[in-house]
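Encoded as structure tokens, the structure appears first; notes follow it.
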Amino acid sequence: NPQVYSMVPSHRWYGRMLGYYAAQSLKKKRAALVFHPDDEISLEMLEGFKESFLKAGGVIIGSWTADQQDLWASVKMSEPDCYFIPAAFGPHESLVDLVLGSTADVLTTERFLRKPGNAPLYHVQSYSNLDPHQGVKDFVALYEKRYGQKPDALAAAAYESIRIILQA
């Protein structure tokens, strides 16, 4: 149907938003990057983060891959005031676990929000139950009444898709 349009932000966009937020809102100046070199999503988010963080006056002090636990001392010695960890990694996350155990701010994806650690975590997503718009408030109330829990981003996307189809 030519009357239905959908917009899904790119992974690069998510990286840009986190880079901008780190520099502008959190006032971070020195970012360390921990990434997976074989993951396209990770690399795309990484480029977006670097682009906006550098444009806002931040400095990238170094990049490490997620399995380089032996380099933790050099990562800490570079004195980052934040870390950027894009996308998922799989079984080789030894350096990620050490970063999450630190107390520096970590800008990351939703996947790491449930991992144990001391670091304050920040992430970007396309939906939030805390959105102040009345349509979101109504959706959350109806969803909670029906299912007994708050909706997540997938439930919101499914609801919005069906709503668009029914209005067509």
message: From the list Glu79, Glu47, Glu51, exactly one residue is acidic (Asp, Glu) and touching a strand residue (DSSP E or B) at 6+ places or on another chain (Cβ under 9 Å). Which is it?
response: Glu79
field: When residues of segment 32-57 are limited to those that are open to solvent by 50 Å² or more (accessible area, probe 1.4 Å) and of a type in the set (Asp, Glu), the one modelled with the lowest pLDDT
entry: Asp38
- prompt: Within segment 115-130, can one find any residue that is open to solvent by less than 70 Å² (accessible area, probe 1.4 Å) and at pLDDT 75 or above?
  reply: yes
- prompt: Quick one: is Asp81 open to solvent by 50 Å² or more (accessible area, probe 1.4 Å) and at pLDDT 70 or above?
  reply: no
task: Sort out which residues of segment 25-44 are assigned to a helix (DSSP H, G or I) and over 22 Å from Ser102 (Cα atoms), and write them in order of number.
output: Glu40, Ile41, Leu43, Glu44
query: Any idea which of (1) open to solvent by less than 60 Å² (accessible area, probe 1.4 Å); (2) at pLDDT below 85; (3) among the small types (Gly, Ala, Ser) is the one Ser63 doesn't satisfy?
result: (1)
query: Could you count how many residues in segment 137-162 are in a helix (DSSP H, G or I) and open to solvent by less than 90 Å² (accessible area, probe 1.4 Å)?
result: 13
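The values are calculated or read from the model by the stated rules, or taken from the named source; none is laboratory data. What you see is a predicted model, and the numbers here were worked out from it, not measured in a lab. Please note: Cβ atoms are built from the backbone with ideal geometry, for glycine as well, and neighbour counts cover all protein chains shown. Side chains are part of the model used for accessible areas, which takes the heavy atoms of the whole protein and leaves out ligands, DNA and RNA. Shrake-Rupley method; radii C 1.70, N 1.55, O 1.52, S 1.80 Å.
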